[in-house]
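Have a look at the structure below, then the notes.
The values are calculated or read from the model by the stated rules, or taken from the named source; none is laboratory data. Predicted model only: the values in this text are computed from it and were never measured. Here the Cβ is made from the backbone with ideal geometry for all residues, glycine too, and neighbour counts use every protein chain on show.
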Amino acid sequence: MISIEVSSLKKYYGEIKAVDGISFTVEKGEIFGLLGPNGAGKTTAIEIMEGLRKKEGGEVKVLGLDPWKNGYELHKKIGVIPQEFTLFEKISPREAIIYYANLFGVKVDPDDILKEVLLEDSAKVMFDNLSGGQKQKTGLALALVNSPELLFLDEPTTGLDPNARRAIWEVIRGLKAKGKTIILTTHYLDEAQQLSDRVAIMNLGQIAAMGTVDEIIAEHGSGERLEIHGSKKLADYIKANTELKVEYRKGMISVPLEQKIDALAALAAAEQSKLDWGEIHTRRDSLDDVFIKLVSGMVDEHGEIIVESKNNNANG
Amino acid sequence: MVSAKRIAADFKVFSRGYLRNKFGLFFGLIFPVILIVIFGAIFSGNSSGTITVYTQNQDTGPFPSPQLDLAAQFVQALNGTLPDGTRISDTWPIRVELVDPSENFTKYLADHSSSDGILIPANFSEKYLAGQMVDVTVYGNPTSSTSGIVSGTVSGVINSFNLKYYNPDAIPILGIASATVNTEQTQYVDFLIPGLIGFSILVSPMFSLVNISSEYKKTKLFKQLSLTPLTKMEWLASKVLWYIVLTVISFLLMVTAGVLLFGAHITLTVWLIPFLVLGPMLFASLGMLVGTVTKNPETAGVIGNIVTFPMMFLAGTFFPISIMPQYLQSIAHVLPLYYIVEGLNNVMVYANYTGAVIDLAVVGVITVVIFAAAVKLFKWRED
């Protein structure tokens, strides 16, 4: 069963193409990760799906509803943590759950929900005294009050310390186990990899790659390669004495392996050179490598691109 | 569809949050009472108290018998007491403070920052008994409001001494009966209470809603609330309700303070209720409107002040607009708060219900328009 259907979705702000024709579907019970640096269009896309923003073009159906036109109806069936979730200062998580239950007109046991999001210990602490992780958990708790079948989590762990992030992951896994469909945006690669069934990497308003993490790596990764710690001189030697493609970057010689036997040729040339070389190993592109290729840069913990576009294949 | 349950849920959360915030509570409830106390104290001083008059009696005798110390009897009379010890009147306007005869009287008055003084000359008793002319000197500053009262009182006492000289048994034929007229009895504090109630009706809901609505927009709390079944109309309704409750509590505190501390004369009738309901509704909506149409909390604050400050001072809150120049009065007439303050005055002080109905009609129309505009323009979500 399909929970979300998006096709050719567009949203422009003047000249800026925040979302530029993206299409995907999300199956019921799936965790679908939207991965990308800040400004990639993740939040705009998710807010259109939530019915908080109006689309400019394309089609969006969430649980069979048009989110903008049928927002009021849709909101009873979905749970949302907006980016940078915040709440009234002087309210405790427990009171907030009761408040939401009253607004939705549902009966819930606040303690059950607090337990589900691992927040029993801070049930009565005022919101402005909660830690970042506890605040996010409060947001998760509120998103669960109306027992939604579909959850939107917009950067649920941004700015949290590693322990708090892992605690949130645990909660999210628990929700998946209960059969909830979850749309997750993040700029943490490990988070997407840990939690998502499928990932869409967004960049500049478009989807650059989509599928399971393995599929994306297989499609966009370079395959296996041999890496040798050594000098530029050694790299040049191997290149001159074999048919292989050789790349050199900062003390690391990298040789893409068309077939496993290529490794032997490279090592034989290295031995022949009489030059010094250190550790050797073979590796495949990780999601990080693919991500860097696709978005032309690495993102820091705030989702900003920290490495400007560079040629990763700079030949030695 | 408006749901009373959701309004109640939001009301509960908002009021509890408000009560937990000591600062808001201070400004909502305590501050208006403090204003009553301060302004009441400042302006009730010269209308209700007796005037202290420094008096130097240079007639130190010697006297053949105490009965012949007429200077002492004169001083006693100035204090409002007859030779037999009875009080002339309960509301005698002056109280004599004797100054030692050795002091330089003019210098003494200056040193004590007093413009009112009475000097009784050394040979006062002797000359009076001999039937010779003797002058009592009354010091006064014509620009001071107390001077007339002091000289009037002194000449009254002198007249009765002149009369007694010719006929010690004389009883006055002409007297003054006093009657009070309602409007003339109105003290500053009577007027101040409706004014400051208007002030708190304006300030609390207005500032609070400007702040909340712009902050919630910035922190995206509105967006979050839009994901619940709560509607923006319900949200605003619960804020309005809370400020009505707060206004009624604050009204009761201010009236109690005014009556207990300054003996304010105030009428409490059901006519007050529509003003106490519409007022907070009007200014909560106006605050909401300002927060909605501005881009960020900083701009909202500035615009909020621009809208609020003229009303705070020109709408008849701290002083009657009748003492202001005509052009300022014209400005006052376009300020919504003016009609609330005038209405409260009409109901609480003047019992002028015809006037109050007109004020109420004006306030009602403005309130409905502003409330509707606030609900209409206020956006949960963006396009």
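Would you mind stating whether A:Leu35 is at pLDDT 90 or above, crowded, with 19+ Cβ neighbours inside 10 Å and in contact with a helix residue (DSSP H, G or I) (Cβ under 7 Å, 6 or more places away or on another chain)? Answer is yes for this residue.
Within region A:6-25, none of the residues are hydrophobic (A, V, I, L, M, F, W, C) and facing chain B (nearest Cβ under 10 Å). Total residues in region A:1-17 satisfying the condition of being under 11 Å from A:Gln206 (Cα atoms) and out of contact with any Asp or Glu (no Cβ under 9 Å at 6 or more places or on another chain): the figure is 1. Any residue that is of a type in the set (S, T, N, Q), in a strand (DSSP E or B) and buried (at least 21 other Cβ atoms within 10 Å of the Cβ) - is there at least one of those in region A:132-149? No. Residues that are within 26 Å of the chain's Cα centre (by Cα), closer than 20 Å to A:Val106 by Cβ and more than 7 Å from chain B (Cβ to nearest Cβ) within region A:70-86 comprise A:Gly71, A:Leu74, A:Lys77, A:Ile78, A:Gly79, A:Ile81, listed in sequence order. Figure legend. Inter-residue proximity from region A:53-82: first residues without any contact (Cβ under 8 Å) to a residue 24 or more places away in the chain, second residues polar (S, T, N, Q), beta-carbon distance below 8 Å, spacing 6+ or different chains. Indicated pairs: A:Gly71/B:Ser226. A single member of A:Val62, A:Val125 is in contact with a helix residue (DSSP H, G or I) (Cβ under 6 Å, 6 or more places away or on another chain) and of a type in the set (Val, Ile, Thr), and it is A:Val62. Number of residues in region B:333-361 that are more than 27 Å from B:Val259 (Cβ to Cβ), without any contact (Cβ under 8 Å) to a residue 24 or more places away in the chain and assigned to a helix (DSSP H, G or I) equals 2.
Pairing each residue of region B:147-158 that is touching a residue at least 12 places away in the same chain (Cβ under 8 Å) with any residue that is assigned to a helix (DSSP H, G or I), provided the two are 6+ apart or on different chains, yields C-beta distances under 6 Å for B:Val157/B:Ala77; B:Val157/B:Leu78.
Select from region A:123-142 the residues that are more than 25 Å from the chain's Cα centre (by Cα) and more than 14 Å from A:Ala164 (Cα to Cα) and list them in ascending order.
Of everything in region A:123-142, those that are more than 25 Å from the chain's Cα centre (by Cα) and more than 14 Å from A:Ala164 (Cα to Cα) turn out to be A:Ala123, A:Lys124, A:Val125, A:Met126, A:Phe127, A:Asp128, A:Asn129.
Looking only at residues of region A:254-286 that are in a helix (DSSP H, G or I) and in contact with a strand residue (DSSP E or B) (Cβ under 6 Å, 6 or more places away or on another chain), we find that the one that is farthest from A:Leu234 (Cα to Cα) is A:Ala263.
Pairs linking a residue in region A:125-145 that is facing another protein chain (nearest Cβ under 10 Å) to a residue that is surrounded by fewer than 16 Cβ atoms within 10 Å (Cβ to Cβ) and among the charged types (D, E, K, R), with Cβ atoms under 9 Å and 6 or more positions apart or on different chains, are A:Met126/A:Glu89; A:Met126/B:Arg20; A:Phe127/A:Glu89.
When you scan region B:42-53, do you find a residue that is of a type outside the set (A, V, I, L, M), surrounded by fewer than 11 Cβ atoms within 10 Å (Cβ to Cβ) and within 14 Å of another protein chain (Cβ to nearest Cβ), even just one? Among the residues of region B:42-53, not one is of a type outside the set (A, V, I, L, M), surrounded by fewer than 11 Cβ atoms within 10 Å (Cβ to Cβ) and within 14 Å of another protein chain (Cβ to nearest Cβ), which makes the answer no. Mind checking which residues of region B:227-247 are within 7 Å of chain A (Cβ to nearest Cβ) and not hydrophobic (A, V, I, L, M, F, W, C)? Hits for region B:227-247 are B:Thr228, B:Pro229. One residue is enough: does region A:180-190 have a residue meeting the conditions acidic (Asp, Glu), without any contact (Cβ under 8 Å) to a residue 40 or more places away in the chain and part of a loop (DSSP other than H, G, I, E, B)? No, region A:180-190 contains no residue that is acidic (Asp, Glu), without any contact (Cβ under 8 Å) to a residue 40 or more places away in the chain and part of a loop (DSSP other than H, G, I, E, B). Which one is nearest to the other protein chains (Cβ to nearest Cβ) among residues in region A:98-112 that are more than 12 Å from B:Thr228 (Cβ to Cβ) and in contact (Cβ under 8 Å) with a residue 12 or more places away in the chain? Filtering first and then ranking leaves A:Ile98. Would you check if A:Lys250 is more than 31 Å from the chain's Cα centre (by Cα), modelled with pLDDT under 90, basic (Lys, Arg) and not assigned by TED's automatic domain parsing to the domain that holds A:Gly36? Considered against the rule, which asks whether it is more than 31 Å from the chain's Cα centre (by Cα), modelled with pLDDT under 90, basic (Lys, Arg) and not assigned by TED's automatic domain parsing to the domain that holds A:Gly36, A:Lys250 comes out as no.
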